[in-house]
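Shown next, in structure tokens, is the structure this report addresses.
The values are calculated or read from the model by the stated rules, or taken from the named source; none is laboratory data. Fair warning: this is a prediction, and the values are worked out from it, not measured in the lab. Glycine gets a Cβ as well: all are built from the backbone with ideal geometry, and neighbour counts include every protein chain shown.
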Amino acid sequence: MRGVGGWAVAVRSPAPHQIDAEGERIDANDPPTGEIKVESTRVSSVLGRHRILRLPIIRGVVALGESLLIGFRALGISANAQLPEEEEPISGFMWGLTILFSLVLAVGLFFIVPVTATNLIKDQLHSAFLFWLVEGLLRTAIFLGYLILLSKLRDLRRTFEYHGAEHKTISCYEAGLELTPENAQRFSRLHPRCGTSFLLIVMIVAIFVFSPLGMLPWWALIVTRIVGIPLIAGISFEIIKFAGRHRTHKAVRALIWPGLKLQLLTTREPTLDQLAVAIVSIEAVLALETGDESNADLVGVEIAA
């Protein structure tokens with residue numbers, strides 16, 4: 001969970017009976033039933049120190065960068081928590097390679113592949129309008145296919161259940177109810193500020209950002225797609241932020257409806273035990289808040305899924 005003043009990771013560790021004499025998990029498919037361990041970190045975003053970074057579009061790029069760094073650190077904490085005590089934790093170098101590989105894969109799969117494939121048939125399209133339309137549709141299709149493939153992987157099911165637990169817990173907090181697994185279970189596993197919705201908006205915004213550029217040489221198309229990513233991310237951030245604050249309006253609800261439905265692929269109904277983990281995490285985040293933040297700050301976008 002990420003708050004205004006910090007972030008926290010809660011992990012349920014394996015129970016003693018789930019670990020053999022060598023410290024290894026007896027059954028990797030058996031969900032951990034041990035105690036919940038939490039690690040919280042206070043942060044001071046650069047957005048609070050530089051006025052220019054709080055300008056629209058720019059703040060989205062900065063916030064996304066900070067979220068990516070925190071996300072990879074959180075993954076490291078979670079992964080190391082599942083290792084036997086005698087094993088060395090995953091090194092920073094390995095996580096650095098993981099980050100680099102992930103970024104290259106994302107840029108290549110969702111930006112370079114679509115524009116390259118469309119460039120191969122540009123002579124048959126005969127217009128810049130058809131070029132960017134085909135590219136945009138292909139990019140969106142690759143994104144949807146990627147999510148569908150992930151949703152079919154058995155190993156990711158529990159990850160998606162925890163994703164649902166995260167959403168339910170945040171909604172319970174935003175509703176002002178006591179944070180208990182039973183209360184959180186009442187809420188939807190879908191949330192308008194989800195990263196899945198954000199990525200769908202990125203795919204759509206990219207169509208309109210690149211449309212004025214026309215049919216450039218292949219190398220120029222690649223450069224513009226890479227350079228344009230921060231602008232697309234910034235615009236998408238403003239859209240998702242606005243939607244999160246005005247989600248009761250009919251027009252906004254219609255806008256976020258596709259993203260919400262897409263979350264049916266990346267979330268699953270969590271158990272009460274999983275909701276308990278999410279609650280420990282959000283309570284650790286709330287404990288870091290100084291009290292200077294307004295209610296709008298805490299509910300609007302900062303505690304994000």
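All of (1) acidic (Asp, Glu); (2) closer than 20 Å to residue 267 by Cβ; (3) free of Cβ contacts under 8 Å to residues at least 60 places away in the same chain hold for residue 178 with one exception: (2). Might you check whether a residue that is under 28 Å from residue 14 (Cα atoms) and either of a type in the set (Ser, Thr, Tyr) or touching a residue at least 60 places away in the same chain (Cβ under 8 Å) (or both) occurs anywhere in the range 247-265? So far as the range 247-265 goes, yes, one or more of its residues are under 28 Å from residue 14 (Cα atoms) and either of a type in the set (Ser, Thr, Tyr) or touching a residue at least 60 places away in the same chain (Cβ under 8 Å) (or both). For the range 244-263, the candidate set comprises residues that are surrounded by fewer than 14 Cβ atoms within 10 Å (Cβ to Cβ) and under 18 Å from the mean Cα position of the chain (by Cα); within that set, the residue that is nearest to residue 213 (Cα to Cα) is 258.
Rundown of residues vs (1) surrounded by 18 or more Cβ atoms within 10 Å (Cβ to Cβ); (2) within 30 Å of residue 127 (Cα to Cα); (3) at pLDDT below 90, yes/no style:
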{"site": "175", "(1), (2), (3)": "no, no, no"}
{"site": "184", "(1), (2), (3)": "yes, no, no"}
{"site": "198", "(1), (2), (3)": "yes, yes, yes"}
{"site": "206", "(1), (2), (3)": "yes, yes, yes"}
{"site": "211", "(1), (2), (3)": "no, yes, yes"}
{"site": "242", "(1), (2), (3)": "no, no, yes"}
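Exactly one residue out of 86, 66 is modelled with pLDDT under 80 and not hydrophobic (A, V, I, L, M, F, W, C): that is 86. Restricting the range 7-18 to residues that are modelled with pLDDT under 85 and of a type in the set (Gly, Ala, Ser) leaves a set whose member that is surrounded by the most Cβ atoms within 10 Å (Cβ to Cβ) is 13. Considering (1) surrounded by fewer than 14 Cβ atoms within 10 Å (Cβ to Cβ); (2) touching a strand residue (DSSP E or B) at 6+ places or on another chain (Cβ under 7 Å), the lone condition that residue 281 does not fulfil carries the number (1). Quick check, is residue 52 at pLDDT below 75, among the β-branched types (Val, Ile, Thr) and at negative phi? So residue 52 does not fit the description; no.
Here's the yes/no breakdown for (1) part of a loop (DSSP other than H, G, I, E, B); (2) free of Cβ contacts under 8 Å to residues at least 12 places away in the same chain; (3) more than 12 Å from residue 203 (Cβ to Cβ); (4) not acidic (Asp, Glu):
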residue	(1), (2), (3), (4)
114	no, no, no, yes
117	no, no, yes, yes
124	no, yes, yes, yes
130	no, yes, yes, yes
133	no, no, yes, yes
136	no, no, no, yes
139	no, no, no, yes
146	no, no, no, yes
149	no, yes, yes, yes
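If you go through the range 279-305 and keep only what is at pLDDT 85 or above and either in contact with a Leu (Cβ under 9 Å, 6 or more places away or on another chain) or of a type outside the set (A, V, I, L, M, F, W, C) (or both), you end up with 279, 281, 282, 283, 286. Of all the numbered requirements in (1) crowded, with 18+ Cβ neighbours inside 10 Å; (2) farther than 19 Å from residue 247 by Cα; (3) among the polar types (S, T, N, Q), residue 171 misses one, and that requirement is (2).
The rows are residues; the columns are (1) more than 17 Å from residue 164 (Cβ to Cβ); (2) hydrophobic (A, V, I, L, M, F, W, C); (3) in contact with a strand residue (DSSP E or B) (Cβ under 7 Å, 6 or more places away or on another chain).
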position	(1), (2), (3)
176	yes, no, no
181	no, no, no
193	no, no, yes
197	no, no, no
208	yes, yes, no
218	yes, yes, no
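Per this entry, residue 151 is counted among residues that are under 16 Å from the mean Cα position of the chain (by Cα), among the hydroxyl-bearing types (Ser, Thr, Tyr), more than 18 Å from residue 277 (Cβ to Cβ) and at pLDDT below 90.
The listed residues are 44, 102, and the only one of them that is among the small types (Gly, Ala, Ser), more than 22 Å from residue 239 (Cβ to Cβ) and part of a loop (DSSP other than H, G, I, E, B) turns out to be 44.
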